[in-house]
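Comments concern the structure below.
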Amino acid sequence: MRSRAPALALVLLVVAHLAPSLAGQAGSPVDAGEMAAVERIRARIEERSKPASGSPAPYTVTIPNTTVTYGMASVPAGEFQMGSAAPDAPADEKPQHTVRHDAFWMQTHEVTWDAYLMFMFVDQAGESSKPDMLVDGLSRPTAPHLEMSFGRGNSGFPAISMTQHAANKFAQWLSARTGEYYRLPTEAEWEYACRAGDTTAVPPGPLDDYAWHRGNSSTPAFADGTYHQVATKKPNAWGLHDMRGNVMEWTLDQYAPYTPEPKENPWVRATRPYPHAVRGGSWNDEPARVTCTARVASEPSWKMRDPQLPKSVWYMTDAQWLGFRLVRPAVLPNAEEMYRAWNSGVELDPY
Amino acid sequence: MTVKSKPEPTTIERRDFLKRTGAAAGALAGFPGIISGQTVTNALKVGLIGCGGRGSGAAAQALTADSQAELTAVADIDEAIVDRAATRLRGSERFGARVKIDHAFFGLDAFQHVIDSGVDVVLLATPPGFRPQHMTAAVNAGKHIFAEKPCATDSPGVRAVLAAQKLAHTKDVAVVSGFCWRYNNMVQAAMEQVHSGAIGRLVAHYSTYYTNPVKPMPPESERPAGISDIEWQVRNWYNFVWLCGDSLVEQAVHNADKIMWVMKDQPPVGAVAVGGRAVPANGGNIYDHFEVNYLFPNGYRVFLANRQATGCYNATHDYLMGTDGTLLLGGGRPRIETPDGQLKWQFEGEEYDMYQREHDVLFGSIRAGKPANTDLNLATSTLLAIMGRQAAYTGQQVTWEASMNSQVSLVPDPIDWNGRHEVPGLAIPGRTKEI
């Protein structure tokens, strides 16, 4: 693991206490026990952040005491036009509006089963041999009643079928394990990273070079198409693989109509379980929906095959094309913002 | 079977009544007086036996299926479980007002009190070891039944359920089973294809349920002081053969049911199987993997494999091979390919909610005066899985007749909530007797 630049570390200390958190209203009441856990993780992150030279650069992480690795691409601060101005673009991609972002890192590929299974099962995580009180106390998925990879493969393949809550809790677990702060990207961060500086509606280059979609993802075992091992297609200009296609990706945001005014680090905080914004399209989508701007709204039918009450807060039983990746903001936010990113407070399905 | 309850049957009538009084007053003030009594005149009263997540889900589906169904009685082993379920169900925006629990019963004989409380329908969702006893009592009392799968953990239990279903038929009592795939329109369409000859003559069927551990046994060090063997086992029911039937019977029984569905519920000749356990059982006695080879008439072979382990390849698939094609179930829309790999058929359309469908059928049939009572696979599909387990445990070739007639009972009789009950260790093929 490499650490942030000294300049950033300094900014972190100042900004964390002065800057307003990402735009949005206060959510559900804060759970004191959970907040204490967040503060302990935050202290670990601060303690482990070491001065390093140079500006934020791409780096590789190995999850401690495991062989699982992932890349972190550097996404510079900047401004872009979010949404589509194309006349025939879907209504939910309009109006196009200006968004300005701080710098962050983003995982170069979708979270793999290799990493996710360690979160699901303690015995896969190498945690019993090296107990860590901070990690032990974290909330983890219950065992699924259905088999969640659906035979599509584990090693090197993207994890699927998790709820947004589960992705948030994975981010918290990974933060505790690595000493780096992770969370889901906001919808705007996701689109900004997907575009990688490109302003056109459809990025240049043949889609097949960059994305697994319905037209190219079939295999002998899955004639209807399936996900493929991560990073087997070309990355975008910022080094991010499979932003378009392979599996759709959860964002932090509630799915809501766009508004025209310019925004800075926008975060549409969730106030209800559905819909959340999901991005990128998947192996199951037509090429027209495998874009940087296409938006999908999550819905309760993605849990249809869960016969329990309450339905599991961990699994989407009917979303074999749904995964996620995480970002690491260049500036560590305050504990409350970390808490909100890891606790949507709206994980229970209505019934 | 006689059972001794933990405490005297307890009810939370008083507290519940107090809670409901406020709600009822509000309802009276706000609505015309149609629902002025405690219950509407054509309500169907539902009793829930087994209030875990699946039982609560079944109650939700029952209350969704029939707009005048009311949940009036519930049972489980302790008050905390019942309270949690009742609170959740009452919290529903859609049907919470029809959660009118007059009776809550705790302990191993609580099921009988629910049956005797004046309900019309019972939902049986306890661990499967109790199901034969509960089904028998419910049918004897003339109650309509939703019974979760599997319906038993041993051969005597299966025979009891078959007898109960026979009686249900003569008494015009509905029995709908939780073999959910029979209520799934996607798999129904696939089975119609097979039965109409789309893949030709059947050759073989490879069926898998490779997944993760469901409810792993906690270490003995976590066992609370003073807790009886029976209570410890019931609270960790998934890890005990007498309660759960083993992984093959509790979970891969879904595959067994599809196997029987393909065969129009005609039984196999026999089975040979292997199985075992790779990780410590912590005092439980179930295997974590099986592979069963069934022989059906005309030399048709079926291979059923399951595993509950972390970190392994996972899949739940059915490959049904015929002379004219292969049906693939699992991992997407069902499809049939010709022997040279061409797509011959694929399911088109929207899949509907099979769990809801079970209750729509049950309540619809009761309302129509023609109680649904054709789910005999509840017993036979359960036995198919049990005979696979028996073949693996004993190391012997097991015939359908031998399995059907086995006198080996795994469920203690009587069951004393406070009693001692040592379970045998893991079965050892070549030594264990279950036939």
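Quick notes on this structure:
- Single match in B:Leu44, B:Leu28, B:Leu18 (criterion: open to solvent by less than 60 Å² (accessible area, probe 1.4 Å) and either more than 30 Å from A:Ser312 (Cα to Cα) or at pLDDT 65 or above (or both)): B:Leu44
- Residues within region A:112-143 that are under 13 Å from A:Ala159 (Cβ atoms) and in contact with a Phe, Trp or Tyr (Cβ under 6 Å, 6 or more places away or on another chain), tallied: 3
- Residues located in region B:84-111, provided they are more than 20 Å from B:Ile145 (Cβ to Cβ), away from chain A (no Cβ under 14 Å) and of a type in the set (D, E, K, R): B:Lys100, B:Asp102
- Selection of region A:286-303 for residues being open to solvent by 40 Å² or more (accessible area, probe 1.4 Å) and either within 14 Å of chain B (Cβ to nearest Cβ) or touching a Phe, Trp or Tyr at 6+ places or on another chain (Cβ under 9 Å) (or both) yields A:Glu299, A:Pro300, A:Ser301.
- Residue match in region A:340-350 (condition: over 15 Å from the mean Cα position of the chain (by Cα), more than 13 Å from chain B (Cβ to nearest Cβ) and either open to solvent by less than 30 Å² (accessible area, probe 1.4 Å) or acidic (Asp, Glu) (or both)): yes
- Restricting attention to region A:142-165, the residues that are more than 10 Å from chain B (Cβ to nearest Cβ) and open to solvent by less than 40 Å² (accessible area, probe 1.4 Å) add up to 9.
- Checking each residue in region A:110-123 for being part of a loop (DSSP other than H, G, I, E, B) and buried (at least 23 other Cβ atoms within 10 Å of the Cβ) picks out A:Glu110, A:Val111.
- Cβ pairs under 6 Å, 6+ apart, first in region B:191-208 and surrounded by 14 or more Cβ atoms within 10 Å (Cβ to Cβ), second modelled with pLDDT under 95 and assigned to a strand (DSSP E or B): B:Thr208/B:Ala315
So that you can scan it fast, the table gives a plain yes or no per residue for (1) without any contact (Cβ under 8 Å) to a residue 24 or more places away in the chain; (2) under 21 Å from B:Gly330 (Cα atoms); (3) in contact with a strand residue (DSSP E or B) (Cβ under 8 Å, 6 or more places away or on another chain):
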{"position": "B:Gln251", "(1), (2), (3)": "no, yes, yes"}
{"position": "B:Ala256", "(1), (2), (3)": "no, yes, yes"}
{"position": "B:Gln266", "(1), (2), (3)": "no, no, no"}
{"position": "B:Gly283", "(1), (2), (3)": "no, no, no"}
{"position": "B:Asp288", "(1), (2), (3)": "no, no, yes"}
{"position": "B:Asn293", "(1), (2), (3)": "yes, yes, yes"}
{"position": "B:Phe296", "(1), (2), (3)": "no, no, yes"}
{"position": "B:Gly299", "(1), (2), (3)": "yes, no, no"}
{"position": "B:Leu304", "(1), (2), (3)": "no, yes, yes"}
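- Filtering B:Leu327, B:Leu320, B:Leu295, B:Leu304 for residues that are open to solvent by 20 Å² or more (accessible area, probe 1.4 Å) and aliphatic (A, V, I, L, M) leaves a single hit, B:Leu295.
- Residues within region A:202-227 that are in a loop (DSSP other than H, G, I, E, B), more than 14 Å from chain B (Cβ to nearest Cβ) and open to solvent by 50 Å² or more (accessible area, probe 1.4 Å), tallied: 4
- Some residue of region A:237-248 being β-branched (Val, Ile, Thr), away from chain B (no Cβ under 14 Å) and closer than 18 Å to A:Gly323 by Cα: yes
- The criterion of at least 1 residues that are more than 22 Å from B:Val398 (Cα to Cα) is met, among strands (runs of 3 or more DSSP E) falling completely within region B:163-276, by B:175-177, B:202-211.
- Selected residue (only one of B:Arg357, B:Arg389 is open to solvent by 50 Å² or more (accessible area, probe 1.4 Å), under 26 Å from B:Phe146 (Cβ atoms), part of a helix (DSSP H, G or I) and modelled with pLDDT of 95 or more): B:Arg357
- The single residue among A:Trp173, A:Trp190 that is open to solvent by less than 10 Å² (accessible area, probe 1.4 Å), in contact (Cβ under 8 Å) with a residue 12 or more places away in the chain and over 19 Å from A:Thr60 (Cα atoms) turns out to be A:Trp190.
- Scanning region B:327-346 for residues that are more than 19 Å from B:His195 (Cα to Cα) and within 11 Å of another protein chain (Cβ to nearest Cβ), we see that the one that is modelled with the lowest pLDDT is B:Gly331.
- Qualifying residue in region A:85-92 (condition: part of a helix (DSSP H, G or I), surrounded by 23 or more Cβ atoms within 10 Å (Cβ to Cβ) and more than 14 Å from chain B (Cβ to nearest Cβ)): no
- Contacts under 9 angstrom Cβ, first residue in region A:309-328 being within 11 Å of chain B (Cβ to nearest Cβ) and among the acidic types (Asp, Glu), partner outside any loop (DSSP other than H, G, I, E, B) and surrounded by fewer than 24 Cβ atoms within 10 Å (Cβ to Cβ), 6 or more apart: A:Asp318/A:Ser301; A:Asp318/A:Trp302; A:Asp318/A:Lys303
Residue by residue, here is whether (1) among the aliphatic types (A, V, I, L, M); (2) part of a strand (DSSP E or B); (3) within 13 Å of chain A (Cβ to nearest Cβ) holds:
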| position | (1), (2), (3) |
| --- | --- |
| B:Val292 | yes, yes, no |
| B:Val302 | yes, yes, no |
| B:Met321 | yes, yes, no |
| B:Glu350 | no, no, yes |
| B:Val361 | yes, no, no |
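- Hey, B:Arg307 within 19 Å of A:Thr317 (Cα to Cα) and either within 14 Å of chain A (Cβ to nearest Cβ) or under 20 Å from the mean Cα position of the chain (by Cα) (or both) or not: no
- Residues (more than 21 Å from A:Phe170 (Cα to Cα), buried (at least 21 other Cβ atoms within 10 Å of the Cβ) and of a type in the set (S, T, N, Q)) located in region A:228-264: A:Asn236
- Cβ pairs under 8 Å, 6+ apart, first in region B:67-78 and surrounded by fewer than 20 Cβ atoms within 10 Å (Cβ to Cβ), second at pLDDT below 95 and among the β-branched types (Val, Ile, Thr): B:Gln68/B:Val40
- Residue satisfying all of: in region A:38-66; of a type in the set (Ser, Thr, Tyr) and modelled with pLDDT under 95; surrounded by the most Cβ atoms within 10 Å (Cβ to Cβ) among these: A:Ser49
- Any hit, region A:124-133, residues being without any contact (Cβ under 8 Å) to a residue 24 or more places away in the chain, within 14 Å of chain B (Cβ to nearest Cβ), assigned to a helix (DSSP H, G or I) and open to solvent by 10 Å² or more (accessible area, probe 1.4 Å): yes
- Selected residue [under 29 Å from B:Glu350 (Cα atoms), touching a residue at least 60 places away in the same chain (Cβ under 8 Å) and open to solvent by less than 30 Å² (accessible area, probe 1.4 Å)] from B:Ala152, B:Ala110, B:Ala168, B:Ala147: B:Ala147
- Residue match in region B:198-207 (condition: within 14 Å of chain A (Cβ to nearest Cβ) and over 18 Å from A:Glu147 (Cβ atoms)): no
- Of the residues A:Phe170, A:Phe104, A:Phe80, the single one that is away from chain B (no Cβ under 14 Å) and touching a Pro at 6+ places or on another chain (Cβ under 6 Å) is A:Phe104.
The values are calculated or read from the model by the stated rules, or taken from the named source; none is laboratory data. In this text, all values refer to a predicted model and were calculated from it rather than measured experimentally. Using ideal geometry, Cβ is built from the backbone for each residue, glycine included, and neighbour counts are taken over all protein chains shown. Just the protein is used for accessible areas: all its heavy atoms, side chains included, with ligands, DNA and RNA removed. Shrake-Rupley method; radii C 1.70, N 1.55, O 1.52, S 1.80 Å.
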